Amino acid sequence: MTLWQGRLQGGMAEELAALSVSLHYDRQLADDDIRGSKAHVDGLVRGAILTPAEGEALHAALDQVAQELSDGTFVAVADDEDIHTAVERRVTEIAGDAGAKLHTGRSRNDQVATDLRLWSRRTLAEVASGVAGLQETLFRRAQEAGESYLPGYTHLQRAQPVLLAHHLAAHCWALARDVDRLVATIHRLNVSPLGAGALAGSSLPLDPDATAAALGFAGRFENSLDAVSDRDFVAEALFDIALLGVHLSRIGEEIVLWSTEEFGFCTLDDAFATGSSMLPQKKNADVAELSRGKAGRFIGNLTGLLVTLKGLPLAYNRDLQEDKEPLFDSVEQVLLVLAALRGMFETITWNTDRMKAAADSQDAAAIDLAELLVKRGTPFRQAHAIVGGLVAEAAASGTPFESLVSAHPMLGDEAVALLAPGVAVTNRTTPGGAGPAVVQEQLTRLSERLAEEQRAISTLP
Ligand code: ARG
């Protein structure tokens, strides 16, 4: 039996039912749907639309449905198009006449928007906590890294040495912005659409402010058309996850490179590596690769939803049902990635000798030679040309760079000292830079930022 059997005769075509059904995925909204229905029932009792006894009967029926859904005894029937239909159908079976009053003053349009906001509020907080967990591990590994250093890269060419701690902290700062965005999205979505009805409100004495408060929302919608149409929060959540996914992909790509024999900067724990079904010697960085790979899916989910929304007029259109699968998918998948990456970083071994050997190339100190000339009064552009010329000459002639530096009238011993292993990184002394003194300051600031994040997450609605 459909919810509109008074208007349309003879039931839905099988093909339409197959296209329309969403119960297999929107079951995820069950808890939120039941919570929303209880708040709605209480509102109807307060408005004297239901008697207190009917209200109680509905609460009991909703509790029973929740129980059946959670213990797996809920039996769906053919006409259970979505979770909202299924719950209402079962409540009516249990509570009889009172059940038939559950949907008074409500539409699935405001109901589904309410459910999805409640769902997003809960699960985006889990995502934010997952990010914070990964940051915690990266931060601890950064603290433990001491003064180990490796080449920093631009264009994937060795550029200047940086502390390993600085490198790991860089990822933490990007993730901190992801947490900020998730927290802001949660606060912005925390508005109740319940009471907007199908699109225009109701003639019944509903109190959307009270139902909003009962559901822990910061307030109610201002405009019923906007309330049932607005999926900005889904798009924002998908963007937050897509950009987070891009950051996780960058981390993944790096570990893929670093764990190769060619780089050899790290060794994955066996528990966070995979082998080959054919090649006995292989040890692969699948966690890192999947972290990189999922980003494509997150971007696809965002793009798909934006395209769906783009074609729609006000207010509710059935296209909006397409909001759920991408959202559920992105949230589920990013939680998996965050947990696996965290485990990978908990157990990874840094091969700091390999890092050091790669970073200790004398070329990496080229900028320090140019800056020595600057300190002695040479304009930078000229200094750059002088040192660049020596690098080119060393490469062309096979003469050691150090000898050329030593012999150059404007360079000499003080310059040669800058080429010694480990010196270049200590010269990165400006705030936020890659050298030991300032990285220590940075880690202090980062730990404050992480504590602020924790506060923001723990005070989420
Ligand atoms: N399952 C639908 C959705 O997710 C619920 C709303 C249906 N409303 C309607 N008027 N057909 O969007």
> Where the centroid of each part is defined by its Cα atoms, how far is region 207-283 from region 11-56 in Å?
Replying inline: 30 Å
> What is the packing order of peptides 197-207, 225-235, taking the mean over residues of other C-beta atoms within 10 Å and listing the highest first?
Replying inline: 225-235, 197-207
> Do the alpha carbons of any pairs in K294/K324; K38/K294; K283/K324; K38/K324 sit beyond 28 Å of each other, and which pairs?
Replying inline: K38/K294; K283/K324
> Points 7 angstrom from Cα along the Cβ direction at L8 and Q454: gap in nanometres?
Replying inline: 5.4 nm
> Shape call for the chain from the C-alpha gyration tensor, a ≥ b ≥ c root eigenvalues: rounded (a/c under 1.5), prolate (a/b greater than b/c) or oblate?
Replying inline: prolate
>> Distance between the C-alpha centers of region 346-369 and region 89-142? Whole Å please.
In response: 48 Å
> With every protein chain present, what is the per residue accessible area of region 35-193 (1.4 Å probe, Å²)?
Replying inline: 37 Å²
>> Once the convex hull of the alpha carbons of region 36-188 is built, what does its volume come to per residue, in cubic angstrom?
In response: 186 Å³
> PRE reach from L336 (point 7 Å along Cα→Cβ): which of region 177-196 fall under 19 Å by backbone N?
Replying inline: none
> What's the carbon and sulfur percent of the chain's accessible surface, probe 1.4 angstrom, rounded to a whole number?
Replying inline: 55 percent
> Per residue, how much accessible area does region 372-460 have with a 1.4 Å probe, in Å²?
Replying inline: 56 Å²
>> Quick check: the angle from helix 286-310's long axis to the longest principal axis of the chain, C-alpha only, nearest 10 degrees?
In response: 50 degrees
>> Cβ neighbours within 10 Å, averaged per peptide: list 44-51, 246-253 in order, most packed at the top.
In response: 246-253, 44-51
>> If I take R0 = 25 Å and measure r between the Cβ atoms of L16 and T73 in this structure, what FRET efficiency does the formula 1/(1 + (r/R0)^6) give, to the nearest 0.05?
In response: 0.30
> What is the extension gain from R354 to L23, computed as 0.36 nm multiplied by their sequence separation minus the C-alpha to C-alpha distance, in nm to one decimal?
Replying inline: 113.8 nm
>> If R₀ is 35 angstrom, what is the calculated FRET efficiency for the pair E346 and V391, using the beta carbon separation as r and rounding to 0.05?
In response: 0.30
> Going by alpha carbons, how many degrees (0 to 90, nearest 10) lie between the helix axis of 30-46 and the longest principal axis of the chain?
Replying inline: 50 degrees
> So how tilted is helix 366-375 from the main axis of the chain? Cα-based, degrees 0 to 90, rounded to 10.
Replying inline: 70 degrees
>> Quick check: residue separation of T51 and A417 times 0.36 nm, minus the Cα distance between them. What number comes out in nm?
In response: 122.9 nm
> Going by average Cβ neighbours within 10 Å, how do the peptides 320-326, 447-453, 32-38 rank, with the highest at the top?
Replying inline: 32-38, 320-326, 447-453
> Mean separation of Cα pairs under 8 Å and 6+ residues apart, divided by the residue count of region 151-287: what relative contact order is that in percent?
Replying inline: 17 percent
> Using r as the Cβ-Cβ distance of L306 and E402, and R0 as 45 Å, what FRET efficiency do you calculate, to the nearest 0.05?
Replying inline: 0.20
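The values are calculated or read from the model by the stated rules, or taken from the named source; none is laboratory data. All of these numbers come straight from a predicted model, not from anything done at the bench. For neighbour counting, all protein chains shown are included, and Cβ atoms are generated from backbone atoms with ideal geometry for every residue, glycine included. For accessibility, only protein heavy atoms count, side chains too; no ligands or nucleic acids. Shrake-Rupley method; radii C 1.70, N 1.55, O 1.52, S 1.80 Å.
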